[in-house]
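Chemist: Okay, handing you the structure first.
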Amino acid sequence: MPQNQPFKIKSYSPLGFFSQVLKDPAEFLLEKRQLHGDLFQFRLGMKNVVFVGHPDDLKKVFLDKKDVFLKSSTRSSFGNSVLTSEGKKWLELRKSAQGFFQFPNLDAMMKDVDRLTQESFKQFESKDHRTFSVGKYFDSLIETLVMKLFFNIEGDSNSANLGAKMNFLSDNIIKMGLFPKTPPKWFPLFGVKEFFTTLDDFNSLVMEKYDRALMQESKCPFQKFASFLEKDITERKDISTQLLSFFFAGFETTANALVWTFLQMNKNPEIKKQLRAEVSNFDLNNYQSYTQLLQGLPWTKACLLEGMRLFPPVWFRTRTAIETTELSGALIEKGSLVWVSQYVTHRHPDFWNDPEKFDPSRFLDESKMHPFQYFPFSLGRNICQGRDLAMLEMIIIFARFFQRFDTDLASSKDHEVRPLARVSLRPEKEFFAILRDQ
């Protein structure tokens, strides 16, 4: 076993780098990797954090030594879900959802995604709505799709409450993870009480929609999913936790990926022109499968993948070392909190030429990529089950949108939108676009 440890960044604050991480964790990690390399450690309050940035070491964390580096941080706040659990419980929860995301279901979902996307264009028929908030539009559309695909519910005015509560939970979950132990629900400082109150409200709302969906006579993919949940999970609180994890994975991350890619498309008009030409030449009224969609729209897919490279909706992952081990010849002590970051590794200059440039052509041929240099949907056995559904939604939305409209950013200030890194990576401020019909 090696004796040397990862380079330790010194801090003279009793809280370590707590304030810097809380202010802008993504840029903090990016800056420190540029200064100290792919493996370093720092103090965060009472915790020792080891950052891991090289794809070779990511392979060890997520594959070769997966039983040494276990999930951490959010489990106590969000409960045992497929996103936070381990071992037998994780396997049971993952199996319960597997059928929902298989290709026969995806092909069946395409029609709803296509129809509801086109219906969303009705809001633009008035001249008063030719300038629109990009974030609010995609948030609203993805909420509509989640309600339909997960619960078979349409036209529910309360769905926006779920989205708003999900955004609040996402903004504050990192703060909860920085406590040495999960604080009690009544704790009056640092927004703890409001966090747990919002979490309880969210769970109540999502279970109300779950119960409504179960009572429906019409058969839909969700009811197959629900039957697995009812069979494998006996406690209602565990069902609500599972639904929370899928709502997060299906709503906020997909909406943010669309927002960031839309922004990059409008900052790069030649790339957008190429996408519009591709979708204009593709018959969106006659495709029959997800596979056919991917084969017919390779540039659209590449644009979305590149958008998620620069601005991965889930920008970091955490693990805890349950025993002392090594990475790159350095000692990782038992109990260390291990951080990896898509935002940082997706900008690694050894693996990406001109990494800050938006260049979808990188993804027209992925055969030469290191298998662990790109991971917007996580890695290894924990890779996102809903990744194909997310890609299906995003490709259909972009294809329909840019076949119907062209756009410009409403202001030159909208070209300089910074990311806000919480659990998900979303724009720091709202920005607007102007529509033009094709």
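Chemist: Within the stretch 320-341, can one find any residue that is free of Cβ contacts under 8 Å to residues at least 60 places away in the same chain, farther than 23 Å from residue 107 by Cα and crowded, with 21+ Cβ neighbours inside 10 Å?
Modeler: No, every residue in the stretch 320-341 fails to be free of Cβ contacts under 8 Å to residues at least 60 places away in the same chain, farther than 23 Å from residue 107 by Cα and crowded, with 21+ Cβ neighbours inside 10 Å.
Chemist: Answer yes or no: is there a residue in the stretch 287-300 that is closer than 19 Å to residue 260 by Cα, modelled with pLDDT of 90 or more and of a type in the set (Gly, Ala, Ser).
Modeler: No: the stretch 287-300 contains no residue that is closer than 19 Å to residue 260 by Cα, modelled with pLDDT of 90 or more and of a type in the set (Gly, Ala, Ser).
Chemist: Shifting gears a bit: Which pairs do you get when a residue that is β-branched (Val, Ile, Thr), found in the stretch 98-113, comes within reach of a residue that is crowded, with 17+ Cβ neighbours inside 10 Å and modelled with pLDDT of 75 or more, reach meaning Cβ atoms under 8 angstrom, with the pair 6+ apart or on two chains?
Modeler: So the pair list comes out as 113/145; 113/149; 113/392; 113/393; 113/396; 113/397.
Chemist: For residue 306, state whether it is under 30 Å from residue 30 (Cβ atoms), modelled with pLDDT of 90 or more and assigned to a strand (DSSP E or B).
Modeler: no
Chemist: Here is a further query. For the stretch 129-225, list the helices (runs of 4 or more DSSP H) that sit wholly inside it and hold at least 1 residues that are of a type in the set (Ser, Thr, Tyr) and modelled with pLDDT of 80 or more; which are they?
Modeler: Values: elements: 134-151, 159-177, 192-214.
By residue number, 134-151, 192-214.
Chemist: Got a sec? Which of 350, 365, 388 is at pLDDT 95 or above and not aliphatic (A, V, I, L, M)?
Modeler: 350
Chemist: Follow-up. List, please: which pairs have Cβ atoms under 7 Å, are six or more places apart or on different chains, and start with a residue in the stretch 355-379 that is surrounded by 12 or more Cβ atoms within 10 Å (Cβ to Cβ) and end with one that is of a type in the set (Lys, Arg) and part of a loop (DSSP other than H, G, I, E, B)?
Modeler: 355/347
Chemist: Kindly indicate whether residue 411 is at pLDDT 95 or above and either closer than 30 Å to residue 436 by Cα or touching a strand residue (DSSP E or B) at 6+ places or on another chain (Cβ under 9 Å) (or both).
Modeler: no
Chemist: Quick check: is even one residue across the stretch 67-74 part of a strand (DSSP E or B), within 22 Å of the chain's Cα centre (by Cα) and farther than 25 Å from residue 369 by Cβ?
Modeler: From the stretch 67-74, those part of a strand (DSSP E or B) are 69-71; that's our starting set.
Those still in the list that are within 22 Å of the chain's Cα centre (by Cα) too: 69-71.
Of the ones still in play, those that are also farther than 25 Å from residue 369 by Cβ are 70-71.
Within the stretch 67-74 (the criterion being part of a strand (DSSP E or B), within 22 Å of the chain's Cα centre (by Cα) and farther than 25 Å from residue 369 by Cβ), the answer is yes, since at least one residue qualifies.
Chemist: If residue 291 meets every condition in (1) of a type in the set (Ser, Thr, Tyr); (2) under 21 Å from the mean Cα position of the chain (by Cα); (3) closer than 17 Å to residue 387 by Cα apart from one, which number is that one?
Modeler: Going through the list (1) of a type in the set (Ser, Thr, Tyr); (2) under 21 Å from the mean Cα position of the chain (by Cα); (3) closer than 17 Å to residue 387 by Cα, residue 291 breaks only (2).
Chemist: Now, a different point. With respect to the numbered conditions (1) part of a helix (DSSP H, G or I); (2) surrounded by fewer than 18 Cβ atoms within 10 Å (Cβ to Cβ); (3) touching a helix residue (DSSP H, G or I) at 6+ places or on another chain (Cβ under 9 Å), which one is the sole condition not fulfilled by residue 396?
Modeler: (2)
Chemist: Moving on to the next point. If you take the residues in the stretch 257-286 that are within 21 Å of residue 106 (Cβ to Cβ) and touching a residue at least 24 places away in the same chain (Cβ under 8 Å), which one is surrounded by the most Cβ atoms within 10 Å (Cβ to Cβ)?
Modeler: Out of the qualifying residues, it is 257.
Chemist: Now a separate question. Does the stretch 344-364 contain any residue that is of a type outside the set (A, V, I, L, M, F, W, C), in a helix (DSSP H, G or I) and more than 27 Å from residue 428 (Cβ to Cβ)?
Modeler: yes
The values are calculated or read from the model by the stated rules, or taken from the named source; none is laboratory data. Only a predicted model underlies this, so the values are computations on that prediction, with no experimental measurement involved. Virtual Cβ from ideal backbone geometry, glycine too; neighbours counted across all protein chains shown.
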